[in-house]
1. For every helix of n ≥ 4 consecutive DSSP H residues, a contribution of -39,500 (n - 2.57) applies; sum these over the chain, divide by its total residues, and give [θ] at 222 nm rounded to the nearest 500 deg cm²/dmol.
2. How tilted is helix 60-81 with respect to the longest principal axis of the chain? Cα atoms for both, answer in degrees (0 to 90, nearest 10).
3. Suppose all protein chains stay in the model; what accessible area per residue would a 1.4 Å probe give for region 1-98, in Å²?
4. Assign one of three labels to the chain, namely rounded, prolate or oblate, based on the Cα gyration tensor with a ≥ b ≥ c the square roots of its eigenvalues; rounded applies when a/c is under 1.5, prolate when it is not and a/b is larger than b/c, and oblate otherwise.
5. For region 41-98, with all protein chains present and a 1.4 Å probe, just round the carbon and sulfur fraction of the accessible area to a whole percent.
6. Ordering 24, 141 from largest to smallest accessible area (1.4 angstrom probe), what's the sequence?
7. So what's the net charge close to residue 35: Lys and Arg +1, Asp and Glu -1, counting the other residues with Cβ under 10 Å from its Cβ?
8. Loop only per DSSP, at most 13 neighbouring Cβ atoms within 10 Å: give me the trypsin sites (Lys or Arg not before Pro) in region 64-109, ordered by residue number.
Amino acid sequence: MSRIGRMPIAVPAGVTVEIAENNKVTVKGPKGTLERVLPAEMEIKMEGAEVLVSRPNDLKKMKSLHGLTRTLINNMVVGVTAGYAKKLEVNGVGYRAAKAGKKLTLNLGYSHPVEMEDPEGIETAVEGQNVIIVKGIDKEKVGQFAAEIRDKRRPEPYKGKGIKYADETIRRKVGKTGKK
């Protein structure tokens with residue numbers, strides 16, 4: 001049995017979970033509404049203030065989908081109550097980030113500033129000149145946009161310059177040494 005898939009999802013007060021046909025799950029909460037079509041093979045039921053996910057049989061694919069389905073619903077519930085945030089740090093001399101309206105402007109040592117527009121449902125904030133915070137209710141979109149920002153200039157291993165996640169550690173390398 002999938003240990004994660006078996007666990008019930010507690011639905012906090014102020015959150016409504018609706019399960020339509022074809023396993024279309026809609027979660028409404030104080031921060032907004034999320035909806036997603038989940039695998040049709042899984043059986044999703046509301047029991048009191050809990051959501052339970054069960055699988056039809058023990059095939060490898062069903063076992064995999066069981067835990068995934070439960071986690072996706074749980075992420076939706078957490079998203080509409082607490083929301084998700086990812087913190088990025090811009091390291092390097094002259095590297096900086098600025099925010100104007102919905103536009104994020106990054107100076108990353110290129111000959112031009114890199115401009116990025118906030119996607120729908122995602123909000124970015126800049127703390128100081130080198131910390132970017134990506135916030136939203138959809139975990140997948142937050143992670144994706146944070147990854148796109150990081151891709152503009154990945155951290156390099158010699159000086160550690162570039163955009164990195166706040167909790168990421170960069171494996172440093174020793175530079176060249178001169179000839180004798």
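1. On the way: 3 runs with 39 residues, N = 180.
Calculated at 222 nm, the ellipticity per residue is -7000 deg cm²/dmol.
2. 70 degrees
3. Roughly 56 Å² per residue, with all protein chains present.
4. prolate
5. 55 percent
6. Details: 24 75, 141 105 Å².
From most accessible down to least: 141, 24.
7. So the environment of residue 35 carries a net charge of +2.
8. For trypsin sites (Lys or Arg not before Pro) across region 64-109 that sit outside H, G, I, E and B with at most 13 neighbouring Cβ atoms in 10 Å, the list reads 102.
The values are calculated or read from the model by the stated rules, or taken from the named source; none is laboratory data. Computed from a predicted model, the values in this text were never measured in an experiment. Here the Cβ is made from the backbone with ideal geometry for all residues, glycine too, and neighbour counts use every protein chain on show. Remember, those area values only see protein heavy atoms, side chains included, never the ligands or the DNA or RNA. Shrake-Rupley method; radii C 1.70, N 1.55, O 1.52, S 1.80 Å.
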